[in-house]
1. Given the conditions (1) in a helix (DSSP H, G or I); (2) open to solvent by 40 Å² or more (accessible area, probe 1.4 Å), and given that residue 172 satisfies all but one, which numbered condition is not satisfied?
2. I'd like the full set of residues that are at pLDDT 90 or above and buried (at least 24 other Cβ atoms within 10 Å of the Cβ), limited to segment 389-404.
3. So, of the residues in segment 43-64 that are at pLDDT 90 or above and crowded, with 24+ Cβ neighbours inside 10 Å, which turns out to be farthest from residue 371 (Cα to Cα)?
4. Taking the condition in contact (Cβ under 8 Å) with a residue 40 or more places away in the chain, part of a helix (DSSP H, G or I) and more than 23 Å from residue 204 (Cα to Cα), does residue 40 pass?
5. Within segment 435-449, identify whether any single residue is open to solvent by less than 10 Å² (accessible area, probe 1.4 Å), modelled with pLDDT under 85 and part of a helix (DSSP H, G or I), and answer yes or no.
6. Could you check how many residues of segment 337-373 are over 18 Å from the mean Cα position of the chain (by Cα) and in contact (Cβ under 8 Å) with a residue 40 or more places away in the chain?
7. For residue 87, work out the one condition from (1) more than 18 Å from residue 30 (Cβ to Cβ); (2) crowded, with 22+ Cβ neighbours inside 10 Å it doesn't fulfil.
Amino acid sequence: MSAQYDPQTARILRRTDLYLLPFLALLFLLNSLDRSNIGNAESAGFTRYAGLQESDLNDAVAAFFIAFVALQPVGAALGKRAGAGRWVGSVMIGWGVLTAATAWVTTRTQLMVLRVCIGALEAGFYPTTVFYLSLFYTRYEFARRLGWFFGQYAVAGAFGGLVSYVVIGLFPSTPDTDTETQQPPHTPDGRWHSYQVLFVLEGLLTIAVAATTFFWLPTGPGSAWWLSKPEAEAAERRVLRDRFPELDLPGEELADQRDLETGGLLYTAPASPSPPNSTRRNEYVHRSSSSQSSADSDASSLLLPKDGAPAIPSVGGDAALSSLDIFSALTDWHIWALLLLNICFSVPATAFSIFLPLVLKGLGASTLSANLLTVPPFLLGAASLWTVSHYSDQAGRRMPFILLGLAINLAGLLAVCALPSSGAFLARYLALCIVLAGSFIASPLTVAWLSGNIEAPGKRAVALGINGWGNLAGVVAGYLFEPAYAPGYEWPMRVTAGLVAFATVGYGAFWWALVRENAARRKTMAGWAGTPREGDERVSFTYGL
């Protein structure tokens, strides 16, 4: 059942969904495309015609993710300070130029330097854009939009495969020509290689779209150009009311915000017994993982009214980060457990976003067919993510749906491992489709769980930054799918299946631990007489499942 909105709120959401969400989704699609296109380029003979070793590609993939993970906190901080419009546009132009320049790589050093620089520029993109998107939606509305946004990771795989199919068909390289006489930038008859056209085309597309961000993206809902002034003011108020329920802000509420419609996301704790010095804010307990972005912590800066009334938070301001926030995040076992599981379950999505064309070539597909055949699995991955995230929102639960995605993923991987590496092309291809159908579900739902179950804004920001280190899966994937294991990649598939199996068992144990912890907290509350604590450390707080 969906929540019923007053006409003004419905119009605000409709126009924001129309003008902001698709544009940010396009930016993330291009981000994912420029990250993974090196796999499509390799299927067209990139390292061969550039005079490189095949293993140089794997080293470059690993180097990219090392820079990407190491610099993510810095990139996120710079993006927050500079503002989404200026920061996102600037870094996209930078990595677009470097992506195009990859077309003229002729040495290992050049490739490594370019990929490290691209990784450094992309590092802050995801947290900055997710934070920015969260400024426009309440926590009951955000998770579904995050699913659509993150789904572009899978769509990028399909789009990249389709573009590569067209480019390789129009600019075929001669497969049997000696590499020493066929060096870039041209083939002997004066044409570019298909991989060069691919890098230049995708780099220029990124630059062109990035240039529009400087005038398309407003600072926040209060300055959204697609809303009238009264609508913009109402849009900002509704987000503030959602994040700071203790403040009595004017404006319409949801016409019907039943517990069923919110999936039990907002729960009013019993009036007694309660810890001493509890505040009105502490009466609200998040019962689910849903929908609050990491960076909604940034909405905690204060604007002082002229009449001297209590300070009111503004959407999009700077937030203070205390040493207590950092210490609390670093000592929270939930965060570190989810990071370990994140690294394990992210290997399939990361690996296949880059190496799927090569895996399909190993099964016997031609270069042209291998790129075209990547389209259905990635589209299936996007569709399954959008479907599961929708029902997860409706149910107000995360763990069952994360486990569903992992089970689908694991079933596909076990089928790939069980099938013979030769003579079973169709069966292995269908098994790979199943793998991709479950590969993209766990990550955004884990982000949603963390966002909805860590109340302190500063701690939440640190926690999601730590969770971003799950991109270390890219380093694992880079060294796992080495050319030595081609064409069948049997060992990488078995290792990947083992990692996903570990993540599946781990999430089951994590869910069980949450149930026990919630029961212990309820038991403690029955005879509460202790020292009050804040946020998700309150004894009255129960974790969403």
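The values are calculated or read from the model by the stated rules, or taken from the named source; none is laboratory data. Nothing here was measured: the structure is a model prediction, and the numbers come from that model. As a convention, Cβ positions derive from the backbone with ideal geometry for all residues, glycine included, and neighbour counts pool all protein chains shown. These area figures cover heavy atoms from the full protein model, side chains too; ligands, DNA and RNA do not enter into them. Shrake-Rupley method; radii C 1.70, N 1.55, O 1.52, S 1.80 Å.
1. (1)
2. Listed by number, the list holds a single entry, 402.
3. 64
4. no
5. Scanning segment 435-449 turns up at least one residue that is open to solvent by less than 10 Å² (accessible area, probe 1.4 Å), modelled with pLDDT under 85 and part of a helix (DSSP H, G or I).
6. 18
7. Checking residue 87 against (1) more than 18 Å from residue 30 (Cβ to Cβ); (2) crowded, with 22+ Cβ neighbours inside 10 Å, the one that fails is (1).
So that you can scan it fast, the table gives a plain yes or no per residue for (1) part of a helix (DSSP H, G or I); (2) touching a Phe, Trp or Tyr at 6+ places or on another chain (Cβ under 6 Å); (3) under 25 Å from residue 54 (Cα atoms); (4) among the hydroxyl-bearing types (Ser, Thr, Tyr):
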{"residue": "69", "(1), (2), (3), (4)": "yes, yes, yes, no"}
{"residue": "80", "(1), (2), (3), (4)": "yes, no, no, no"}
{"residue": "93", "(1), (2), (3), (4)": "yes, no, no, no"}
{"residue": "97", "(1), (2), (3), (4)": "yes, no, yes, no"}
{"residue": "102", "(1), (2), (3), (4)": "yes, yes, yes, yes"}
{"residue": "106", "(1), (2), (3), (4)": "no, no, yes, yes"}
{"residue": "109", "(1), (2), (3), (4)": "yes, no, yes, yes"}
{"residue": "112", "(1), (2), (3), (4)": "yes, no, yes, no"}
